[in-house]
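A.B. asks: Sharing a structure with you now.
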Amino acid sequence: MKLNQEQLAEALSVSDEHPVIAAFLQIIADTAEDESRSAIMPNLSAEDRAYNCGRAAAIQDLGLLISSLRSEKDLTSRHS
């Protein structure tokens, strides 16, 4: 089953303290930090650095998308 944008926002609308959301947000933050650290390691080839930077950017984009969906639901619920 594929959820639409509104369903995704609804599913992610629980509080930051909800155990599933808290775990999910922590995993994303920890992974983004790890990937960023990997991208700035010394002695990387240009290709390896670009690869690691791409991974860091992708996880950061995922975090921003989730934040956006969660904010979207907050905005629509305030106007209801």
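The values are calculated or read from the model by the stated rules, or taken from the named source; none is laboratory data. A quick note: this is a predicted structure, and the numbers were derived from the prediction, not measured. Virtual Cβ from ideal backbone geometry, glycine too; neighbours counted across all protein chains shown.
A.B. asks: Which ones in the range 1-27 are farther than 16 Å from Gly63 by Cβ and among the polar types (S, T, N, Q)?
C.D. replies: Once the filter is applied, which keeps residues that are farther than 16 Å from Gly63 by Cβ and among the polar types (S, T, N, Q), the range 1-27 yields Asn4, Gln5, Gln7, Ser13, Ser15.
A.B. asks: How many residues are touching an Asp or Glu at 6+ places or on another chain (Cβ under 8 Å) and free of Cβ contacts under 8 Å to residues at least 40 places away in the same chain if we restrict to the range 7-28?
C.D. replies: Initial filter on the range 7-28 (touching an Asp or Glu at 6+ places or on another chain (Cβ under 8 Å)): 9, 13, 22, 25.
If we keep only those that are free of Cβ contacts under 8 Å to residues at least 40 places away in the same chain as well, we get 22.
Here the count works out to 1.
A.B. asks: Have a look at Ser45, Ser68, Ser38 and point out the one that is surrounded by 14 or more Cβ atoms within 10 Å (Cβ to Cβ) and of a type in the set (Gly, Ala, Ser).
C.D. replies: Working: Ser45 fails: surrounded by 14 or more Cβ atoms within 10 Å (Cβ to Cβ); Ser68 fails: surrounded by 14 or more Cβ atoms within 10 Å (Cβ to Cβ).
It is Ser38.
A.B. asks: Please identify the pairs in which a residue from the range 40-69 that is within 30 Å of Ala11 (Cα to Cα) has its Cβ atom under 7 Å from the Cβ atom of a residue that is exposed (fewer than 13 other Cβ atoms within 10 Å of the Cβ) and of a type in the set (D, E, K, R), counting only partners at least 6 apart or on another chain.
C.D. replies: Within 7 Å, no pair qualifies.
A.B. asks: So which helices (runs of 4 or more DSSP H) stay within the chain end to end and still have 1 or more residues that are at pLDDT 95 or above and of a type in the set (Asp, Glu)? Spell out the reasoning first.
C.D. replies: Numbers: elements: 5-11, 19-39, 46-79.
Qualifying helices (runs of 4 or more DSSP H): 19-39, 46-79.
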